[in-house]
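Have a look at the structure below, then the notes.
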Amino acid sequence: MSGLAVRAAAAVRSPEGRAPEDRPAALDYFRDLLTPFGEKPDEELLNRGAHVQHRDLVDLLVADEGVGRSRPELLVVTHALPDVVPFTAVAPHMTDRLGGRAANFAIAQQGLAAPFTALRIASAYHRAGRAAEVVIAVLEQTTLPTPFPLVQDTPLIDSAAALVLGAGGGEGAAAGTDAEDGLRFVRAHSAASAAEALGADALGRDLGEDGTLLVLGPWVTEDVPESSAVHRVAPGSYCTSLWLELADHWQEWRESHRRIVLCDTDPRSGRSHVALFARGEG
């Protein structure tokens, strides 16, 4: 069976906020959550936030034509920061918007590693014949009940990205394009540093080879191996940064480069994560 290739993608940045909903219930929830740790919710901080819920981000992603018409067999929602109102099961909600037949779940508590984990799971499902089409959503909302330096000091914006993955060349491919010209997911891995994660031993090839584009997330601050082309992602997001750029540029990158290497370093753990996509490689 051929590997997963990008068929469609969507990105959402700084959507319009909403008035706080379920405020008493949310405050009660946060009090119960934080009191055992000697903390309490910061009501002023909560009131200043945009209150963009994960459900809002999912609805905006599904409104994109390419994502909205997908009918996946597997759907994975990932996030590094919690939902502002954690009363909605977001993966089932998104599944319901996309045909209602996908096995679905969320990946959290992994920092910016979560989307990379989702890609490995999606690839395993596809190889096992259990998912011909997969949707991966990466969500990030920034209204939190307590101060979190990563959010306030960066600062971060509310954002989300979605990838539709399946066999074939992908939406937007020229008529008659062979499936081997699709931008295929090849592998994802992590290492103690970006230099190690991007080394030839880890990637199976040298970054300096012609046709390779290295996409560096905003949290990569160390020196990395030289690449034939480099695209640096601007600050403003934690776990969504690489995936927003991929959603915006995957079609042009597929035409201009043979390999796309995405890399970012989690500022909390210091561990680096890499995903390799390639045209015509399995």
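The values are calculated or read from the model by the stated rules, or taken from the named source; none is laboratory data. Because the structure is a prediction, the values reported are computed rather than measured. Ideal geometry is used to build each Cβ from the backbone, glycine not excepted, and the neighbour counts take in all protein chains shown.
Checking region 75-86 against the condition returns a match, with at least one residue being under 16 Å from residue 146 (Cβ atoms) and of a type in the set (D, E, K, R). Restricting 103, 11, 25 to those that are in contact with a helix residue (DSSP H, G or I) (Cβ under 7 Å, 6 or more places away or on another chain) and touching a residue at least 24 places away in the same chain (Cβ under 8 Å) reduces the list to 11.
Scanning region 230-282 for residues that are on the phi > 0 side of the Ramachandran plot and either at pLDDT 95 or above or under 15 Å from the mean Cα position of the chain (by Cα) (or both) turns up 236, 270.
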